[in-house]
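The values are calculated or read from the model by the stated rules, or taken from the named source; none is laboratory data. Note that this is a predicted model, so its numbers are computed, not measured. Don't worry about glycine lacking a Cβ; one is built from the backbone with ideal geometry, like all the others, and counts go over all protein chains shown.
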Amino acid sequence: MTTIALSDLIAELDDVLKAGSPDRRTRMLREVAGLFLEDAHRLNEHHVGLFDDVLVRLTESVELRTLTTLSRSLADLRLVPRQLARRLANHDDADVAAPILRKCDCIPDSDLIDIAWMRAEEHLCAIAGRKTVNPELSDILLMRGDSSVVRVLASNPGAEMTSAGLAMMVDAAERDDNIASALMTRSDLPHRVAADLVMRSTPRQQARLLKLARPDIQDAIRAAIDASTARAAVKPPATIDYTEARATVTALNKSGQLNDSSVNRFAIRREVHNVAAALAHLATVPIETIAPLMEAADINGLVIACRASRLNWNTTAAVVSYRKAGLTVVPEELERAREMFERLPLSNAQRTIRFGSLSDLIAKPAQAARGA
């Protein structure tokens, strides 16, 4: 029955596409979609492909309401017309795209990544709510999305996180209690990230997060709370004078020698003030943005600063490895950082380090750093 009815409709298709009114095109789209949905559970891939070709051609110049209804009808199906699904997922209107982006398994990760780079918040929220979200896609969503996207991603147990992604989550959680709560209840939250989140929270927030935490990380959180309390009682460190470091870097820049070689040399000699001044100059940010990253146990913010400074990976590895005595980087952590470095576009690194989406990537000592 379906094959006969579909053949009859295909015979009308060219006529409808060439001279059919919008109402006739919409009516035919509904008829074909109805036939597909009626028998979708017993169609093979060949038949789905036939429907795909017809439906894609019919969706041209069809009203949004019809496309939205079609998208919602297709999203939960096991076999979905692939080209139609991709067209709907890429639609400018989020009401049309969201059902497919959120639920349809046939959209390839490469398409999702492209959409995540190009589209706005509602599209990103839909992607963040998928049953599974791979680590690369999670990082892009975190870099581009607003707090609503981060909330969805933090609450999604199927969203895999890189160490950089978790750091971005903590950054957002510091400003949003809902994100902090969702993050703290994740089953994949490492102890060190939980401790970082707690150390950057107020005493009231710390008590709430402790109640939400998994039993296996509560001891680590209590230790972080004790450390945070002890640190708050200590006098803030003296302000560092970067005058000499700035002069050194300015002279190198004027002579055309402020480059990977000079920064690498600063790093290996553990001239941390010179490294901070060089990164600040190259990334066009205040030294106060870079200095806390040099002190942090987490290296992600510093890696992003190096990427924003147009340094190569060898220099970046030297910067994070020699930045301070007592701060060691294990090979696995360095390898994860290299993967993030190579994946991160220069423009995104520069935007995040300059405009603040990662400005609080690590727990900065003293409140003055928050106003840097």
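Got a number for residues in region 1-52 being of a type in the set (Ser, Thr, Tyr) and modelled with pLDDT of 75 or more?
Total satisfying the criteria: 1.
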Check: Does Gly129 meet the test of being buried (at least 22 other Cβ atoms within 10 Å of the Cβ) and under 28 Å from Arg208 (Cα atoms)?
Finding: no
Item checked: Complete set of residues in region 306-320 that are assigned to a helix (DSSP H, G or I) and either under 17 Å from Leu346 (Cβ atoms) or of a type outside the set (A, V, I, L, M) (or both) -> Cys306, Arg307, Ala308, Trp313, Asn314, Thr315, Thr316, Val319
Next item on the list: Return yes when Val149 is surrounded by 15 or more Cβ atoms within 10 Å (Cβ to Cβ), in contact with a Cys (Cβ under 7 Å, 6 or more places away or on another chain) and outside the structural domain of Thr352 (by TED's automatic domain parsing) and no when it is not.
Entry: yes
Notebook entry, point to check: Listed residues Ala173, Ala224, Ala167; which is at pLDDT 85 or above and hydrophobic (A, V, I, L, M, F, W, C)?
Noted result: Ala173
Notebook entry, point to check: Among the residues of region 120-135, is any in a helix (DSSP H, G or I), at pLDDT below 95 and hydrophobic (A, V, I, L, M, F, W, C)?
Noted result: no
Margin query: Cβ contacts < 9 Å: first residue assigned by TED's automatic domain parsing to the domain that holds Ala308, restricted to region 325-340; second residue at pLDDT 85 or above and among the basic types (Lys, Arg), any location; separation 6+ or different chain. Result?
Written below: Ala325/Arg270; Met340/Arg307
Next item on the list: Kindly indicate whether Asp76 is under 23 Å from Pro157 (Cβ atoms), not in a helix (DSSP H, G or I) and not aliphatic (A, V, I, L, M).
Entry: yes
Margin query: Considering only region 45-67, I want to know if a residue exists there that is surrounded by fewer than 21 Cβ atoms within 10 Å (Cβ to Cβ), over 27 Å from Ala154 (Cβ atoms) and without any contact (Cβ under 8 Å) to a residue 24 or more places away in the chain.
Written below: yes
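Out of the residues in region 79-96 meeting the condition of being outside any helix (DSSP H, G or I) and at pLDDT 90 or above, tell me which one is surrounded by the fewest Cβ atoms within 10 Å (Cβ to Cβ).
Once the filter is applied, the top-ranked residue is Asp92.
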Check: Identify, please: which residue in region 249-308 is of a type in the set (D, E, K, R) and crowded, with 19+ Cβ neighbours inside 10 Å and is, among those, farthest from Glu342 (Cα to Cα)?
Finding: Asp298
Note to self: Going residue by residue through region 324-333, is there one that turns out to be buried (at least 21 other Cβ atoms within 10 Å of the Cβ) and modelled with pLDDT under 90?
What the structure shows: no
Notebook entry, point to check: Which one of Val152, Val198 is among the hydrophobic types (A, V, I, L, M, F, W, C) and modelled with pLDDT of 85 or more?
Noted result: Val152
